Every structure is written in structure tokens, then in C-alpha cells.
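Let me begin by presenting the structure, written as C-alpha cells, before commenting on it.
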Amino acid sequence: LYLTCSRGSCVCQCRGSGAMDAIPDATDEDVLQMPNYLRTFHLWMQSQGVKDSTSRAYVRTMACLFDDDGKCPSGMATQSYFDVTKASFRNKVGNGQRSASVKRFRDWWDSHKGGPLEDAGNVRVYQVKRIENSQKSAIKQTVPDLETPEEKQLRQELDLPDGNWQVKINNRLSGDLISIVSPGGSAHTTREAVHRRLGRTSTVAAETGARCTVEATCAVTSTSAGASSHSSAVAKSGKAAEGADRPEHSRTEPPKQVKRMVPLIEAMQHLNGCKGRHAIICSGRDPAARLANRLNGLFLSEEEKHDNKAMFAKVNQEVPTVIFYNEAKGVWRITAGVDAKGDFAKVKDNSAVPWEVKLPWRIFNGENYEPDPSLSITLLDPANLPDVEVEMLMPEDDEQKKPTANKQEDGGAVTGGESLRITLSEALHRFNPEGRSQAVLVAGRSDGGKNASRLQGLYLREGTVNDSQKVWTRVGQDKVSIITFDAHKGRWKISKGLDAKGDYAHVKDKAVLPWEVKKPWKAYNGESYDEDPDLKVSLVVPTNLPDNVEIQVSSAPSSSQKSKRDWKSRVLNETAISWEVLKPFLPEDAPQDHPCHQLMKWDPVGQRVTFMYKRGSDRCYFQTTLGKSGSREAADLLARACWMRFEAGCSKEEVSAFRQAYYDSVTPVIAAGGGFEGKPGEE
């Protein structure tokens, strides 16, 4: 069956679903013999001098086609099947891998001429996942009795070929999810995917869905406008029967959805508290790094499990992202769907739930997978939600209702707005009143430039000017940005944190200090890095401030955000225990010329010293916290001492016990000094 569609003066012909239906389906015998067919096909390709990696790829592609389409091997070796496969959407987006595999399979079939088959045994590469005919017969009904009225209506609208297709609508708080399962077992979650699977053209797909368009148009109009909307839709579709009765509805058109960052507590309220479903948050991926938007966010558990373990879907998003366990490969996957071929992230860990995963997630970087220890999944307690923001599709009306005017009240607090601009002099008075920290100013990025709000502002140096590690942290903002030198890449960078995989801006210049950089900074534009000659980092001299310089700072934060920032400021400026007091409790330091001095990383956000110790192929991530060590200097020394224990052959458990012994010894000293009690600092 060929369908003709025209676009202007250009006419093209596409093969429809009838061509696929005309190819015989696989029998029970075909299902049992298919691994042997693939084994014989593989050996033939090897005899023809085809590279092993290529021949294995062809074998697996044919196995997937057999699972997807359910056609007999002889039918898959026909010109008709080749034409249908070549015109399919998945073949086009896969660089023609499917059609190339079918062509090679046809060549083998013609040379094989019904000869004997090699035994595939239980070799995994030859196995297929087709269900047996006895199982198919049990579900083969014109319209399955277990389908709801909505599912039966969807089946009729999609004009599915026969009852071997399964239709399921899962009602979720985050939006209804449709699942259309083909005879081969592949799940399709959109109407467009079903039409592509059946080889329909855009014209046919539009006509098939015309009735649905009419009903949807009627459903979102008022009672008074229902008749006119129905008539207009019928006229446009040209498919409705004349005089057909349509139910009238009184629902108003839903507000437009826009993507924006919202506090987690607001997101949970929008979802009505999840109604007993598990909520998890995936976080830690650097916003400037690849796939951060697909990975970071709020997920809810699905009603159905996958491989007997819970499955989670990202809420209120334009494109789907799911987390589930693949038992065959023994990995937790974060990907676009259960039938997706690749992953955004994965980890080989058989934990019962994703938040119990111990190993670092591996993120796809465009070529392969690399570990990102910062990415983590956390189970949320609705009664004790963390003070973070998540990206969601929210009604546009809610965004428009947000106040925009800034109102300043007592003590410089600002309410009713998101941010305000203050002079540089006022910023120094607020955040560095005694001038104890070295200050730098980042400015010059145009307001419309990517990440301008994450780059520009006032930065204060962590520790003292004599510290070997140079880190400046932005003040006055809820979101952290730091300036530091990446010795490994030989460049200064402005990023989210020391361990961030990407950065907002960088410059390859080995200047001793960031304001001494001579080359132009390169800022991230969403895809790559462009030079921005206007972006500058300058030292702030309180006695010689530039004129007419203003910086943007956040308005009054929530109480928990404010308490965290107040605590961190107190740690830096007030409650750190003196070196003389802590010195008797400290372990022996590493030798001054030992390389570990350069491998310690100070995290100003978590107020901790971190390092990674490699022993053969194993990697151990370790940290010491300022809160439990008593001071930044003590945390540095303790981390180096722990490194020396690793170097002496101690296990992580033994080094952790060594660290805890020091923590226990200085706890009374810290408590007597009034510092860190009840504050963050968990290992």
C-alpha cells in the first residue's frame, strides 16, 4: 500500500502500514530458531571478512528488529521489508544501521538457500525477547476486555492494526502517560511515535488524529462557545459526519505552561504532596555540564515497577526522563524511556532503590561515560524538605503573579522581590565590614548574556592571602559561584564549585592572580565557549572604589537559607578554634614536600577539604569537615594525615576510624568554644 502526500508542488510517496502487515508474522518455531539463524548469519559474515564489531552490530540490530516487528526470518529477507525498514524514522536517526543490517541479512539468506543452521546455545548476543504464540494468543483480542473506556477510545483514534497492540493509560499526578506496546514488545509513549512505527506519513497521522483534535478542542471551550469551536474544528478536519452530536463542556482553557525554577516546597504543593508516592531529587550535576537539565530535578515513583524494582519519572517536563533498574545489565539507568537504547547516566549497582546506590554515577559526555561523584539521588521526606529549587513546567499565570517590585525594610532586608541592585560600597559594608577578606569584582558581561547572573558580582577570598589554594566565593547570592585556578588544565575558571565538571567562564592564563589575567575570558553560551572581551575580574581596593558601580544581590532569603549563610560566615570569621588550642590534638602532618599538599581541595560551599585517593583501579573519595575539625587549617592537616594512612596501606574503614578518633578528641574543645554545634558537617 502506497500513500501519496503533496507539499506544494512536490509530491512524494511513502510506504504505509499495509506493507508491514503483508509480511508474515513469526511462528513459534521461528521464535525458537531465530537465535540459530543469527548464529549462522554471524559466522557467514565472519567468513566474508566482515570485522567482528561490525558483524556483531548487525546481529544485534536484526535481533532488535525481530523483537520490534515480529516478522518471520524469510519475511525479513524480502525487498518489501528492506523498503519499510529503510523508510522508518528509527533507521533515519540511526544513520541507516537498520537498513544496512537487513541488506546484509538478505545477502546471507540468498547464499544460505535454506541450509543447516548452527546451534546458538545460550550465547547472549544471539538471544531474542519475542513472546511465544501461546502468550500472544492470550492477549490477542480486537479490543482487550481489561482496557478502560479511555484506552479503547485511544485505540480507535490511533487506528491500530489488531489486538496484538496493547494500550495503557497511567494516570499520574505529573501528567497522564500513554503506553502503546507493539507486538514486538516495544513501548511508544506518544501518538507520533506510534504513527512512525506504523510507517504513516504526516498527512495520514493528522487525518487519523482528526477526531481526537475535534474532541480536544471541544473539551477546553466554554459551554457558550462549545458549538462554534466544534463546528470550526469539523470544518478544518473535514472528517466529522454532518450533524453529528458532540457533548458540550464548560471547562475553560488551561493556562500556558512555562519552565521555571521553583522552591521544592512549592513544587510539592503543586503536586498535592505526591499522595503517598515516593519523591526523590536528583542533584549535584554542574548546571553548565552536559545533560544537567535532563538529570537534575524532581522525580516521582510510577505505579508500575520495572524488573521488580521501583521506576521514577521526572515531573512536569516537556520531554520524559525516567530512572529504572535494568536487571539484564545489572545497572540503574537515567534515560528518556524504558526502551531507549542509550543512557544519560548509569551506574552498575544492584541496590534495591536508587538512593541507596554507593558507586558514582557515570554520565555520557558525548563519546563515552565518565564518573561524576557530585551527582546523587536523595529520598525526600515531605515533612522535612531541603531548601533547594527544581525546574518545572508551571502555569504562566503563577509566574505573572510573582511580585516584581523591591521593597526595602529594616536592616537592609528586602521583601516582595527577587533581587535588588546596591552600590559596591554598600556591598562591602554588608559582606566585608572589617575588610578581613580580599575582595574582587566580576563585571562587564551584558545582562542578556548567558550566565550573566551567575558570573557577575562581588567575590571574597576564602581563608587568608597566604593560603596555597586561591578561592574566591561570590557573596550576596543564594546560588554559589567561585573563582579558582585549575592547575590540571592551566586556567582560571568561574564555576559552581571546585569539583564542577564544567564552568561558566574560563581563561587559559597562568597569571598568579585572577585580576592579572591578560587574555580575554571565554564564557559559556549554552553550547560552547565564546570570548567576551568585556568580562573582567578586578581587585577591589576599599580606598579607591570605581564610580557608579552597582552589583545585584538576592532579596531576603528564606529562614533556612539565611541561617546557613549566617553559620558559614560565623565559621569563617568568629568560631574557628585557634591553632594553638587545636595543635595538641592534631596528628602528624605529611612531609612538606609531599605531593598530597597540592591534591587537597577546599570546598567553600560544604566547608570541607576533599581529595580522591587512587589505589590501582580503585578510587576512594574522602573528606574532612571544618565543623568537626575546629578550623580550616586543622581540616587541611587532618586530610593530609588521612592521605598518609591510605598510602601506608590502610583501608577506608581504618582511615575513617582514624579521622573519627580526632573528631572525638576535639569535640569538647569545639563545644567549649561555642562553635559548630548542631551544624552541618556530616561525612
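Sorted by average packing, counted as other Cβ atoms within 10 angstrom per residue and highest first, what order do 381-394, 444-457, 539-552 take?
Ranking the peptides 381-394, 444-457, 539-552 by packing returns 444-457, 381-394, 539-552.
Does the stretch 439-544 classify as rounded, prolate or oblate by the C-alpha gyration tensor (a ≥ b ≥ c root eigenvalues; a/c under 1.5 gives rounded; else a/b over b/c gives prolate, otherwise oblate)?
rounded
From the convex hull of the Cα coordinates of the stretch 254-336, what is the mean projected area in square nanometres?
About 6.7 nm², averaged over all directions.
Packing-wise, with mean Cβ within 10 Å as the measure, how do 612-621, 356-365 rank, highest first?
356-365, 612-621
Taking amide H positions as placed in the peptide plane 1.01 Å from N, state which residues far from residue 470 in sequence (5 or more) or on other chains have amide H under 5 Å from it.
485
Per the Kirkwood treatment, what hydrodynamic radius in Å, one decimal, follows for the stretch 26-132 from the mean inverse distance over all distinct Cα pairs?
13.8
What are the residues whose amide H is under 5 Å from the amide H of residue 438, where those residues sit 5 or more places off or on another chain and H is modelled from the backbone?
Under 5 Å from the amide H of residue 438 lie the amide H atoms of 461, each far enough along the sequence or on another chain.
Cβ neighbours within 10 Å, averaged per peptide: list 647-660, 627-640 in order, most packed at the top.
The most tightly packed comes first, giving 627-640, 647-660.
If you wrap the stretch 315-357's Cα atoms in a convex hull and average its projection over all directions, what's the area in nm²?
3.2
Each residue of the stretch 107-121 in turn: what ³J(HN,Hα) in whole Hz from Karplus with 6.51, -1.76, 1.60 and θ = phi - 60°, glycine and Pro shown as x?
4, 5, 4, 5, 7, 6, 6, x, x, x, 9, 7, 6, 7, x
Quick one: what are the phi-derived ³J(HN,Hα) couplings along the stretch 350-356, Karplus 6.51/-1.76/1.60 with θ = phi - 60°, whole Hz, x for glycine and proline?
Per residue, the Karplus-derived 3J(HN,Hα) values read 9, 4, 5, 9, x, 6, 9 Hz.
Give me the Kirkwood hydrodynamic radius of the stretch 496-547, using the inverse of the mean 1/r over all pairs of distinct Cα atoms, in Å to one decimal.
The answer is 12.8 Å.
So, in Å, what gap is there between the alpha-carbon centers of the stretch 438-508 and the stretch 310-369?
After rounding, the separation between the Cα centres reads 31 Å.
Once amide H atoms are built 1.01 Å from N in the peptide plane, which residues 5 or more positions from residue 258, or in another chain, come under 5 Å H to H?
Excluding prolines and chain starts, which carry no amide H, the hits are 394, 396.
Where a number appears in this text, it was derived from the coordinates with a stated rule and is not lab data. Remember, it's a predicted structure, so these values are computed and weren't measured experimentally. When we count neighbours, we look across all protein chains shown, and the Cβ atoms used for this are built from the backbone with ideal geometry, even at glycine.
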